[in-house]
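Below is one structure, written out as structure tokens; the observations come after it.
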Amino acid sequence: MTLPLLLQPAELDALVRAVPRRVAVLDCSFDLFDASAGRRVHEAGHVPGARHVDLEADLSAAKTGRNGRHPLPDRSAFAARMREFGLDDDTPVVVYDNSGGMYAARLWWMLRWAGHATVAVLDGGLAAWKAAGHDVAAGAPTAAPAGHFSLRPALAAAVDREALLENLRHPARLVVDARAADRFRGENETLDPVGGRIPGAVNRFYRDNLGPDGRFKPAPQLRAEYEAVAAGRPSASLVMQCGSGVTACHNLLALELAGLPGAALYPGSWSEWSAWPDAPIATGPAA
């Protein structure tokens with residue numbers, strides 16, 4: 001089975017009715033300011049059969065103080081966690097959240113990073129599912145028998161802090177920051193101790209990927225907007241970053257939708273970059 005990058009609520013409903021035992025629906029609902037909120041959202045009402053995946057417990061490694069707020073686990077640890085969620089190598093996976101896809105996109109990217117191609121995002125998330133009149137189920141997350149998920153060649157690329165320090169010395173990539181414009185300028189920082197941005201970065205707020213209805217903009221519109229951001233550079237030369245490697249994945253999904261593949265993620269993002277005392281930092285409007 002193959003899946004498109006995005007599924008509409010009616011398409012997901014038809015899919016789970018057709019092959020209910022084969023499809024894994026994973027609810028990534030979360031709140032950066034209240035780590036228990038995602039579980040409460042899930043228990044209050046979720047797509048029937050969905051299981052809750054927690055950003056911090058399931059999709060992040062332990063923090064050291066220097067590796068960011070949501071460091072990537074190693075690929076083997078992530079694969080083991082996906083087996084615990086019942087995934088096999090051929091399991092079609094649909095991910096969603098309560099926040100316009102910002103957390104679901106992280107799991108979408110991580111599954112591709114582990115080599116799993118059959119993954120889609122529910123466009124508009126839980127809000128779109130409810131607005132379309134589909135039923136929700138309440139209660140605690142459901143368990144699943146252990147699966148046989150294995151690592152395969154990565155379908156997504158990542159770069160580390162050392163690569164971006166080298167990029168400052170010999171620019172070859174364009175860093176694109178997914179945070180809001182005020183945080184990009186170093187103003188109103190509420191999540192990290194230090195405000196600012198990686199020198200040379202440009203800004204593309206992740207919420208600009210969505211239309212007024214909370215769903216992704218049409219592919220031609222996204223392509224035009226990202227080509228303007230890239231200013232003639234190929235998409236494979238772009239690096240997406242944000243505060244902690246979460247909303248940057250939303251931009252990576254938008255690039256794929258736009259037909260501009262190949263960009264990389266800086267998983268540590270600003271929370272890792274700024275944690276180093278010698279980190280180069282820029283503030284104010286971009287040049």
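The values are calculated or read from the model by the stated rules, or taken from the named source; none is laboratory data. Everything quoted here is computed from the prediction, not taken from an experiment. Note: ideal-geometry Cβ built from the backbone for every residue, glycine included; neighbour counts use all protein chains shown.
Listing for the model above:
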item: Qualifying residues in segment 43-90 (those that are of a type in the set (K, R) and part of a loop (DSSP other than H, G, I, E, B)) - the one nearest to S244 (Cα to Cα); result: R69
item: Subset tally (residues that are outside any loop (DSSP other than H, G, I, E, B) and among the small types (G, A, S)) for segment 148-192; result: 4
item: Answer residue from segment 181-199, given it is surrounded by fewer than 18 Cβ atoms within 10 Å (Cβ to Cβ) and in contact with a Lys or Arg (Cβ under 9 Å, 6 or more places away or on another chain) and is nearest to L165 (Cα to Cα) among those; result: G186
item: Residue in segment 85-108 that is out of contact with any Gly (no Cβ under 8 Å at 6 or more places or on another chain), more than 24 Å from A10 (Cβ to Cβ), surrounded by 16 or more Cβ atoms within 10 Å (Cβ to Cβ) and modelled with pLDDT of 95 or more present; result: no
item: Whichever residue in segment 1-15 is surrounded by fewer than 20 Cβ atoms within 10 Å (Cβ to Cβ) and not aliphatic (A, V, I, L, M) and, among such residues, is nearest to the chain's Cα centre (by Cα); result: P4
item: Segments classed as helices (runs of 4 or more DSSP H), wholly inside segment 219-287, with at least 3 members that are farther than 14 Å from N209 by Cβ and touching a residue at least 24 places away in the same chain (Cβ under 8 Å); result: 269-273
item: Subset tally (residues that are more than 16 Å from the chain's Cα centre (by Cα) and among the polar types (S, T, N, Q)) for segment 228-270; result: 2
item: Hits in segment 218-249 (condition: under 25 Å from L55 (Cα atoms) and in contact with a Gly (Cβ under 6 Å, 6 or more places away or on another chain)); result: S244
item: Segment 16-42: number of residues that are surrounded by 16 or more Cβ atoms within 10 Å (Cβ to Cβ) and more than 21 Å from G214 (Cβ to Cβ); result: 4
item: Qualifying residue in segment 63-76 (condition: modelled with pLDDT of 95 or more, over 28 Å from A279 (Cβ atoms) and of a type in the set (K, R)); result: no
item: In segment 200-209, the residues that are closer than 24 Å to A163 by Cα and either out of contact with any Cys (no Cβ under 8 Å at 6 or more places or on another chain) or surrounded by fewer than 16 Cβ atoms within 10 Å (Cβ to Cβ) (or both); result: G200, A201, V202, N203, R204, F205
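This table checks each residue for (1) farther than 27 Å from D97 by Cβ; (2) touching a Phe, Trp or Tyr at 6+ places or on another chain (Cβ under 6 Å); (3) surrounded by fewer than 22 Cβ atoms within 10 Å (Cβ to Cβ).
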position: P218; (1), (2), (3): no, no, yes
position: V229; (1), (2), (3): no, no, yes
position: S235; (1), (2), (3): no, no, yes
position: G243; (1), (2), (3): no, yes, no
position: A254; (1), (2), (3): no, no, no
position: L265; (1), (2), (3): no, no, no
